[in-house]
1. Pull up the range B:48-66, narrow it to residues that are within 9 Å of chain A (Cβ to nearest Cβ) and outside any helix (DSSP H, G or I), then point me to the one that is nearest to A:Pro360 (Cα to Cα).
2. Restricting to the range A:330-363, name every residue that is small (Gly, Ala, Ser) and not in a helix (DSSP H, G or I).
3. For the range A:175-205, name all the residues that are hydrophobic (A, V, I, L, M, F, W, C) and either more than 12 Å from the chain's Cα centre (by Cα) or within 7 Å of another protein chain (Cβ to nearest Cβ) (or both).
4. Taking the stated definitions as given, is A:Val184 in the same structural domain as A:Ala240 (by TED's automatic domain parsing) and either on the phi < 0 side of the Ramachandran plot or surrounded by fewer than 24 Cβ atoms within 10 Å (Cβ to Cβ) (or both)?
5. Select from the range A:456-466 the residues that are modelled with pLDDT under 95 and of a type outside the set (S, T, N, Q) and write down the one among them that is nearest to A:Gly395 (Cα to Cα).
6. Would you please name the residue that is surrounded by the fewest Cβ atoms within 10 Å (Cβ to Cβ), looking only at residues in the range B:187-202 that are outside any helix (DSSP H, G or I) and aliphatic (A, V, I, L, M)?
7. Just one of the numbered conditions (1) farther than 25 Å from A:Glu271 by Cβ; (2) out of contact with any Phe, Trp or Tyr (no Cβ under 8 Å at 6 or more places or on another chain); (3) part of a helix (DSSP H, G or I); (4) touching a residue at least 24 places away in the same chain (Cβ under 8 Å) is not true of A:Ala233; which one?
8. Out of curiosity, is B:Tyr274 away from chain A (no Cβ under 12 Å) and touching a strand residue (DSSP E or B) at 6+ places or on another chain (Cβ under 7 Å)?
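The values are calculated or read from the model by the stated rules, or taken from the named source; none is laboratory data. Being a predicted model, the structure only gives us computed values, none of them experimental. Positions of Cβ are backbone-derived with ideal geometry, glycine not excepted, and every protein chain shown enters the neighbour counts.
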Protein chains: 2
Amino acid sequence: MWRRIERVGSGAIGRGGWAGRLGKKGGGSLVEELRIGVLGFGTVGTGTVRLLLTNGELLAQRTGVRFRLVRIATLDPQGDRGLDLAGIEVTDDAWKVVDGDDIDVVVEVMGGLEPAGSLVLRALRNGKPVVTANKALLAQRGEGLIAEALRSGVELGFEAAVAGAVPVIKALKESLAANRIQQVYGILNGTCNYILTEMREKGLPFATILGEAQRLGFAEADPSFDVDGIDAAHKLTILASLAFGTPLDFERVTVEGIRHISDVDIAWATEMGYRIKLLAVARRSGDEIELGVRPVLVADASMVATVEGVFNAVFIEGDFSGTTMYYGRGAGERPTASAVVADLVEIGRNRRSGARGRVPTLSILPQHLVPLPVRDSREQSGEYYIRLEVRDRPGVLAQLTEVLARFGISIDAIHQKGRSQESAVPLVMVTHETTERQVRDALVQIAALDPVSEPPRLIRIESGLA
Amino acid sequence: MWRRIERVGSGAIGRGGWAGRLGKKGGGSLVEELRIGVLGFGTVGTGTVRLLLTNGELLAQRTGVRFRLVRIATLDPQGDRGLDLAGIEVTDDAWKVVDGDDIDVVVEVMGGLEPAGSLVLRALRNGKPVVTANKALLAQRGEGLIAEALRSGVELGFEAAVAGAVPVIKALKESLAANRIQQVYGILNGTCNYILTEMREKGLPFATILGEAQRLGFAEADPSFDVDGIDAAHKLTILASLAFGTPLDFERVTVEGIRHISDVDIAWATEMGYRIKLLAVARRSGDEIELGVRPVLVADASMVATVEGVFNAVFIEGDFSGTTMYYGRGAGERPTASAVVADLVEIGRNRRSGARGRVPTLSILPQHLVPLPVRDSREQSGEYYIRLEVRDRPGVLAQLTEVLARFGISIDAIHQKGRSQESAVPLVMVTHETTERQVRDALVQIAALDPVSEPPRLIRIESGLA
């Protein structure tokens, strides 16, 4: 499975000893070859192939390895991607990729749970390292795949699953390994961030901007994975495992999307010095962890607020590192390809240097993975933004504040615009620190008050962010 | 030099085969030990020791390696650092660290060229990997040390030399290895960034803020390494080598510090929508590279401008990744210790997994390092900010613009405040794109004009930044 194809420089070096001699002899006197099979030839597959064809010489110089594309499986083998595929087999038989004796490493960029899951599992069983960009597969079936990779003693790389080319996976697994991680948070879905940015800048409602994003290719025809927060939750699942040494467990993430975010709320947030962001947060809280994806208000002056459009940013707080931040395009053909090939580089360099099992797949040795209790999101405390639509009758404020007081909620600020006894006017409140349970319970009673004309809107305020 | 100390789980595994078995047997069935010697017990040394004592158990779980402190060399062995040093030898004999048979890895955090350089060289000759935070040593003598590390087949780690815990070294060597890097730029010196931030926010002159920074411990008693740009140039030397595959060559970096930046210029920049930052830039420009550290004007709306105080940020533009950004505290006991121990983790994991020569020290195989021609900074083109102090006499503008026209420089904007025929008033101009040579030559003639009362100030405007 691993062949030497070329010898640069002088002197024959025996097969067995070459890795050991590398250091002694000046390094890189041999160039080896890694034969690559690719599953999926859509956006990311095309980018990966384009990168390997474009920068193959540079990669060889940096790694001493030739990354050779052998076979690509796609449902549309005849499609024209504007690439010179001479010498590369394009097939519609994905099993020929994972079973082929002429394939050393499998790149899975087809997406979805099946058949991707079965193909990746088979590749690993066949002893082939796998590089995948498939966050859904990892978040929902990662444990089985990781166990299989461990049994076979091969790598399972997934840098491309989170934040495009931005190396947050490697940062957590390697660069910050000396730290006890306190929290990881960030903007993990470019589609949502683009929509929220456009809503704020143009003052238009969600549906209008979503349609525009779909036309521009920034949102899928079926946008639910993105706008309902699921994609960000998949990514958060992965980051939380790496940060806290817990098994992957997508089911425990609290998820709330951005469909219900109104341009009215965005305008209010802006006026009050905030922006609304879909924020993914994994945080230690005592002996528990908080795991949530939801729209929140963040202060204008925070760095999180400056992350706009399709960009992603991840903030990692360690006990020694302090907060470090990683920023870039979170998706797209070329950035994602950069991350896929980074994992191929890792695998190639491991092979060439003789490394086996260098870095645990989830950053900690498997026997030390510990499932941590996840705090019920309703028990998390924080400040909240509440928007009510009320008919402005005498005594309405007294009614509202009486309910809030009964639930132990104190109010930091109340804003009201316009006055009308017939039609409703917005009334915006910011609470002091309270739990989500308290505020939700209070809102059930407030919603039933006669002057309140619409279901109350509730958005958490995340303070203390970098 | 490399001993097994502990066996967890069942079954004896022979010495030779354990790395190979790691993958097959589930990983981490053995815990090995890395015996560490530290050179220097100042801020970073104290942080490194504190980290290893605090997070040793976590490190063992993440790596399967015990990082054991054996010996620390310092000129002040009796000093109290508030650490429990039981079982650790503290000595004033640094050679006992680099020559000791009971030391597997040497951490050099003493700083300076000598004796650090001789000690690091000796450690490498003795076959001990070295981790250093010493950017001056790397930038000025790195080539010899790298050659020695290669001959000995051991690692030379220097993540801590640039941007504290922020993993820009690993990003360039590994995560972005698939990219042809177009440019690397950023804010690499926290002292200068703190001073410039404070000057802007408080409207006070350089000397006042420097004194304040020295009292607060953000600047050294002798601040010249920082404020004259030398420290940032050392770091840029390292980043440029990694980015472009060129040998380390500090001498070729154009360096200009911030001593001459006046609060008047900062106020003007602010009024015009800019901030002044000490920016380090390594950029491909045709077949040459530009290498410079200097104060520049950056647009308020750029991300670079949002990096304030003691923070560092590095922006890396690759042909596939696009621009990714890395941000955090650039110095200090704990962040720098995080980076030092990240390199120890790398070395420990390499040992445990059997890897030799996994990643080339400068990110590319040594035989492919190519010295690239460095463009004379005076031939770089850009826009410039010029401030003159002129006595406002009739015809003065005509005189100035005549000189500029003669040198082919066109002006985008002219600002003037106040009028006085006796005392001088500031006159600020922003040029269109021109070369630094043209504008400097013109300023020599302008400085000689009678109404011009002070040497002209010239600051480059960096546009097109992320």
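1. Initially, the range B:48-66 is screened for residues within 9 Å of chain A (Cβ to nearest Cβ), giving B:50-52, B:54-55, B:58-64.
From what's left, outside any helix (DSSP H, G or I): B:55, B:64.
Details: B:Asn55: 18, B:Gly64: 10 Å.
Ranking the qualifying residues of the range B:48-66, first place goes to B:Gly64.
2. Of everything in the range A:330-363, those that are small (Gly, Ala, Ser) and not in a helix (DSSP H, G or I) turn out to be A:Gly330, A:Ala331, A:Gly332, A:Gly354, A:Ala355, A:Gly357, A:Ser363.
3. Going through the range A:175-205, the residues hydrophobic (A, V, I, L, M, F, W, C) turn out to be A:176-178, A:181, A:184, A:187-188, A:192, A:195-196, A:199, A:204.
Correct list: A:Leu176, A:Ala177, A:Ala178, A:Ile181, A:Cys192, A:Ile195, A:Leu196, A:Met199, A:Leu204.
4. On the way: in the same structural domain as A:Ala240 (by TED's automatic domain parsing): yes; either on the phi < 0 side of the Ramachandran plot or surrounded by fewer than 24 Cβ atoms within 10 Å (Cβ to Cβ) (or both): yes.
So A:Val184 fits the description; yes.
5. First, the residues of the range A:456-466 that are modelled with pLDDT under 95: A:463-466.
If we keep only those that are of a type outside the set (S, T, N, Q) as well, we get A:464-466.
Values: A:Gly464: 36, A:Leu465: 38, A:Ala466: 41 Å.
Filtering the range A:456-466 for residues that are modelled with pLDDT under 95 and of a type outside the set (S, T, N, Q), the one nearest to A:Gly395 (Cα to Cα) comes out as A:Gly464.
6. Within the range B:187-202, the match that is surrounded by the fewest Cβ atoms within 10 Å (Cβ to Cβ) is B:Ile187.
7. (2)
8. yes
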